[in-house]
Amino acid sequence: MKKLEDLQQIISEAVDKLAFPHYPAALYEPISYILSLGGKRMRPALLLMACDLFGGDVDAAIPPALAIEVFHNFTLMHDDIMDNAPIRRGKTTVHERWNQNVGILSGDVMLIEGYKLMMQVPEHLLRPILDIFNNTAVGVCEGQQLDMEFETRGGVTNTEYINMIRLKTAVVLGGALKIGALIGGADLKDANLLSSFGEHLGIAFQLQDDILDVYGDPEKFGKQVGGDIISNKKTFLLIKALELADEQQLRELNYWIALKEFDHTEKVEAVTAIYNTLEIREYAEFAMQTYADKAFDALDAINLPDSHKQYLREFADGLLVREN
């Protein structure tokens, strides 16, 4: 079994070798630019890992893994436009460095380039793998649309929120693992179980991210603690607090949500105090563990050697046990 960091390195080197036409430059340069910004390359590495788990040829899985990475960066390029984000991974975003129209059109070409890479899978797997890729892509778009709607919509439930993060984030993990498993020679049952493992793990990871945003150590977490509170982002924690709050707590939460100008530290402390009173962290941790357990149940049912399952367990534990 190849180590995850070795698979990530394989992907990084393969990304560096991707070549696009030079003309028209304003169409293709942004693609090379956003791909050069790095990242953990986790999604394509998981595709290679799944192939390796079932004894497949990892080299044969590189083109579809690259397709996943190109597709992921296409979504980032368009998300940055929708969010009007100036920075991506510490660098100027594409639409800021060029312009919005270039960002839209270059993103469109990236999606097509992703399909060209995905079509390099073995002929007998082409249709089922394209079906997975299509469903994954549609899911991500649905998740992004829901996320945007939730920004201004009241009464969002945690059932809706979990479905949104499943679509926006977790389906890519599940889809990558399923494609890799099929290329590695897995049967459809095991490929579906591995996909379920990835989806539930992705949901658990996002719920943990919500928790760490409020309760994490900023130096270890790598982000500003309380950023979700400052921006009124509808996370599991805020939705649960709005659901459980009494009249006075609800009034205070809505006061901070509506306030346009405020001291960031004061708002984070005030909202966190309400979370603590309502034991919101415990609710979120229970939900996170529920989805982690579902991931491990799917893993247990896969027809793989115990040593291979242990490899996936250790990967999942490493993903979910983050210092706070």
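Values quoted throughout were computed directly from the atomic coordinates according to the rules given, and no laboratory measurement underlies them. Note that the coordinates shown come from a computational prediction; the quantities given were computed from them, not determined experimentally. Cβ sites come from the backbone with ideal geometry, for glycine too, and all protein chains shown count toward neighbours.
Table for the structure above
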{"quantity": "Within the chain, longest stretch clear of exposed GluC sites (Glu not before Pro) (DSSP loop, no more than 10 other Cβ within 10 Å)", "calculated": "1-260"}
{"quantity": "Distance between modelled label sites at E5 and L111, nm, 7 Å Cα→Cβ extension", "calculated": "3.7 nm"}
{"quantity": "Least to most buried among T136, T75, T159 (fewest other Cβ within 10 Å first)", "calculated": "T159, T75, T136"}
{"quantity": "Cα-projected label distance for M119 with H22, points at 7 Å along beta-carbon direction, nm", "calculated": "2.6 nm"}
{"quantity": "Distance in nm between pseudo-label sites at D317 and K189 (7 Å out along the Cβ direction from Cα)", "calculated": "2.8 nm"}
{"quantity": "Separation between Cα centres of region 127-185 and region 269-295, rounded to whole Å", "calculated": "23 Å"}
{"quantity": "Most fluctuating residue given options L278, L48, L238, as computed from a GNM of the chain linking Cα atoms under 10 Å", "calculated": "L278"}
{"quantity": "Among L278, Y291, Y255 the positive-end extreme of the charge dipole of region 184-306 (Cβ point charges)", "calculated": "Y255"}
{"quantity": "For the chain: relative contact order, % (alpha-carbon pairs under 8 angstrom, 6 or more apart)", "calculated": "17 percent"}
{"quantity": "Within the chain: Cβ-based charge dipole about Cα centre, in debye rounded to nearest 20 (Lys, Arg +1; Asp, Glu -1)", "calculated": "660 debye"}
{"quantity": "Signed unit charges on C-beta, dipole axis of the chain, positive-most listed residue V321, Q310, L27", "calculated": "L27"}
{"quantity": "Histogram of C-alpha separations across region 53-131, 10 Å bin width, %", "calculated": "18, 40, 24, 16, 2"}
{"quantity": "Theoretical gain in end-to-end length, I104 to D217 [0.36 nm per residue, Cα-Cα removed]", "calculated": "37.0 nm"}
{"quantity": "Once the Cα gyration tensor of the chain is diagonalised, semi-axes √(5λ) in Å", "calculated": "35, 26, 16"}
{"quantity": "Size of region 1-132 as Cα extents on the principal axes (Å, biggest first)", "calculated": "45, 29, 26"}
{"quantity": "Helix-only mean residue ellipticity at 222 nm for the chain, each DSSP H run of n ≥ 4 adding -39500 (n - 2.57), per residue, nearest 500", "calculated": "-24000 deg cm²/dmol"}
{"quantity": "Nearest-20 debye value, region 57-153 charge dipole, Cβ charges on Lys, Arg, Asp, Glu", "calculated": "240 debye"}
{"quantity": "For region 166-324, size of Cβ-based charge dipole, Lys and Arg +1, Asp and Glu -1, in debye", "calculated": "620 debye"}
{"quantity": "Which of F133, N232, P122, positive extreme of dipole for the chain (C-beta unit charges)", "calculated": "P122"}
{"quantity": "The chain: angle of helix 247-258 to the longest principal axis, Cα-based, in degrees nearest 10", "calculated": "60 degrees"}
